[in-house]
Amino acid sequence: MRLEFDLSNYGINVPRVIRNASPAFLYEDAITREQAAVTDTGALINCSGEKTGRSPKDKRVVKNPESEKDIWWGNVNMPMSQEDFNESKARAIDYLNTKDQLYVIDAFAGWDPAHRLKIRIICCRAYHALFMHNMLIRPTTEELLDFGEPDFVIFNAGQFPANPMQESISSKTNIALCFEKREFVILGSQYAGEMKKGVFTIMNYLMPKQGMVSMHCSANEGNDGDVSLFFGLSGTGKTTLSTEPNRKLIGDDEHFWTTEGIINIEGGCYAKCINLSPENEPEIYQAIRFGTVLENVVYDNKTRIVDFDDSTLTENTRASYPIEFIPNIKMPCIGTHPKNIIFLSCDAFGVLPPVSELTPEQAMYHYISGYTAKVAGTEVGVKDPEATFSACFGAAFLVWHPKKYAEILAENMKKYGSKAWLVNTGWSGGKYGVGKRLSIKYTRAIIDGIHSGELAAGKKVTDPIFGLSIPAACAGVPAEILNPRNLWKDKDDYDKTAKHLFGLFEKNFEKYK
């Protein structure tokens, strides 16, 4: 750790710059300078202020001749002029220069030295520094000495607002990325996940340029070295289902697929912890200890015990911890080509089967669709589930058009013989409010059946509406559950609801045809 680290080449001159501080050092600063707290198990609790999630509507990408033809412009990648970016960066640097102390984290994105990026984080909150210490791959002492110039720099001045009078900016929050200058600027949001997803967005641009597909998925490995990928939007069980005692975790959120196999981008996990319990998610629960950052959770002021069921601050409570806090991990976080690719959907309409085997064409359809359903919100009169489609199960982080990622994934699946599955972790026996959510015990049994080869070898029946191939039996799962129509009391209502959801799929897919 150095206290005299020089940032003058960025126009930053402050009395004290702390580079790659230890977690203990950052704990002390977070407590004394940011009023953070420590839980009864030793984790650090801090708050991200007004923003408790990402701000996708405030994300901007600089439109330059060098990269503009590569980028999927629209609601995901909104353009920003180079002049506006320069002004935002100057605004961030001016704010950072008002501080008496800053933190620098120099670390890597990507476990494969042949493809990894050197990332530099410059921030003024100890909690942000500890978060990225956890989420990136921590360099050894020797690697830090030889770190040199970074490939990308993140200027995190999230405590200071953006200037909404700038033409490219529409609010006091601005998340701005310039590929040509290899810089990323954060203004007006202290949510730590903006840094993590900024790095992922960078990888999503660079990896396809090299013929590799970057993926918003978790990955684990069996005792025989067989790798599974888990794709799914928030709340579908991606982290939970990939973290289990019988398989080694490669990573819980971001990977890329090379000619050698699967590479984790990150050095840590960022688990959603609303309703976290030792019974359902023991590995994640046990990771909540010294070195872990808990974000926006509610706790008892006297006992420092966290109430994981309390969503007063946000439903999006999070835990960030180094990947080695999970007892059963694959180190280094690299695996072979995947044997199974699992698309997770939390279907609140209650009409998708708990598991289906997909043809290669269906796999691409569901990958491009990226479906899940959100349950009814708190708005008066809203009773029905809402379908959500996010291309490649991570549209918010894509840079190229979704077909770019889908084509590389399809090519790899064909080349390496990967099987694809659609697993519903949502409702059964009726839509939300009528049916019940599928037991995690049954979902884990289904995943076990995929890994053992039981479901691939077993008899299938075809769903007449979605055309999905449904296994007729799975060890540990009641047979009547596997076909969702069986559990609906009103079969006509099932057919009507299933056709409605199928229509939503088709309508969404029109824009990609």
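On the basis of being in a loop (DSSP other than H, G, I, E, B) and open to solvent by less than 40 Å² (accessible area, probe 1.4 Å), does Ile274 make the cut?
On the way: in a loop (DSSP other than H, G, I, E, B): yes; open to solvent by less than 40 Å² (accessible area, probe 1.4 Å): yes.
So Ile274 passes the test.
If a residue must be touching a strand residue (DSSP E or B) at 6+ places or on another chain (Cβ under 8 Å) and open to solvent by 20 Å² or more (accessible area, probe 1.4 Å), how many such residues does region 113-124 contain?
Of all residues in region 113-124, those touching a strand residue (DSSP E or B) at 6+ places or on another chain (Cβ under 8 Å) come to 115-124.
Now restrict to residues that are open to solvent by 20 Å² or more (accessible area, probe 1.4 Å): 115-116, 118, 124.
Residues meeting the conditions: 4.
Being assigned to a loop (DSSP other than H, G, I, E, B), open to solvent by 50 Å² or more (accessible area, probe 1.4 Å) and either touching a residue at least 12 places away in the same chain (Cβ under 8 Å) or farther than 11 Å from Gly42 by Cα (or both): is that true of Asn316 here? Working first, answer last.
On the way: assigned to a loop (DSSP other than H, G, I, E, B): yes; open to solvent by 50 Å² or more (accessible area, probe 1.4 Å): no; either touching a residue at least 12 places away in the same chain (Cβ under 8 Å) or farther than 11 Å from Gly42 by Cα (or both): yes.
So Asn316 does not fit the description; no.
Please go through region 383-440 and give me each residue that is of a type outside the set (A, V, I, L, M), in contact with a helix residue (DSSP H, G or I) (Cβ under 9 Å, 6 or more places away or on another chain) and closer than 13 Å to Leu344 by Cβ, ordered by number.
Ser390, Phe393, Gly394, Trp421, Asn424, Thr425 - these are the residues of region 383-440 that are of a type outside the set (A, V, I, L, M), in contact with a helix residue (DSSP H, G or I) (Cβ under 9 Å, 6 or more places away or on another chain) and closer than 13 Å to Leu344 by Cβ.
All but one of (1) in contact with a Ser or Thr (Cβ under 7 Å, 6 or more places away or on another chain); (2) on the phi > 0 side of the Ramachandran plot hold for Leu438; which doesn't?
Here Leu438 clears every test but (2).
I'm checking my understanding of the structure. Among residues of region 461-487 that are in contact with a strand residue (DSSP E or B) (Cβ under 9 Å, 6 or more places away or on another chain) and assigned to a loop (DSSP other than H, G, I, E, B), which one is farthest from Gly350 (Cα to Cα)? If you could, list the steps in order and put the result at the bottom.
Step one: list which residues in region 461-487 are in contact with a strand residue (DSSP E or B) (Cβ under 9 Å, 6 or more places away or on another chain), which gives 461-463, 466, 468-472, 474, 477, 481-484, 487.
Imposing the further condition that a residue be assigned to a loop (DSSP other than H, G, I, E, B) reduces the set to 463, 466, 468, 472, 483.
On the way: Asp463: 14, Phe466: 13, Leu468: 15, Ala472: 18, Asn483: 11 Å.
Going through the qualifying residues, I end up with Ala472.
Which strands (runs of 3 or more DSSP E) does region 1-75 wholly contain that include 3 or more residues that are under 25 Å from the mean Cα position of the chain (by Cα) and in contact (Cβ under 8 Å) with a residue 40 or more places away in the chain? Don't jump to the end; show me each part of the working.
Working: elements: 16-19, 44-46, 59-62.
Output list reads 44-46, 59-62.
What pairs come up if the first residue lies in region 148-162 and is closer than 14 Å to Ile122 by Cα, the second is of a type in the set (Ser, Thr, Tyr) and buried (at least 24 other Cβ atoms within 10 Å of the Cβ), and their beta carbons are under 7 Å apart, counting only those six or more places apart or on different chains?
Sorted first by the residue in region 148-162, then by its partner, the pairs are Gly158/Ser189.
Which is within 22 Å of Ile18 (Cα to Cα) and either in contact with a His (Cβ under 8 Å, 6 or more places away or on another chain) or modelled with pLDDT of 95 or more (or both), of Ile186, Ile175, Ile202? Please lay out each step first, then the result.
Working: Ile175 fails: within 22 Å of Ile18 (Cα to Cα); Ile202 fails: within 22 Å of Ile18 (Cα to Cα).
Step by step, each of Ile186, Ile175, Ile202 is checked, and only Ile186 is within 22 Å of Ile18 (Cα to Cα) and either in contact with a His (Cβ under 8 Å, 6 or more places away or on another chain) or modelled with pLDDT of 95 or more (or both).
Matching residues to (1) assigned to a strand (DSSP E or B); (2) closer than 24 Å to Trp427 by Cα; (3) open to solvent by 20 Å² or more (accessible area, probe 1.4 Å); (4) hydrophobic (A, V, I, L, M, F, W, C):
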site: Met207; (1), (2), (3), (4): no, no, no, yes
site: Gly211; (1), (2), (3), (4): no, no, yes, no
site: Asp224; (1), (2), (3), (4): no, no, yes, no
site: Gly235; (1), (2), (3), (4): no, yes, yes, no
site: Thr239; (1), (2), (3), (4): no, yes, yes, no
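The values are calculated or read from the model by the stated rules, or taken from the named source; none is laboratory data. Only a predicted model underlies this, so the values are computations on that prediction, with no experimental measurement involved. Cβ sites come from the backbone with ideal geometry, for glycine too, and all protein chains shown count toward neighbours. Just the protein is used for accessible areas: all its heavy atoms, side chains included, with ligands, DNA and RNA removed. Shrake-Rupley method; radii C 1.70, N 1.55, O 1.52, S 1.80 Å.
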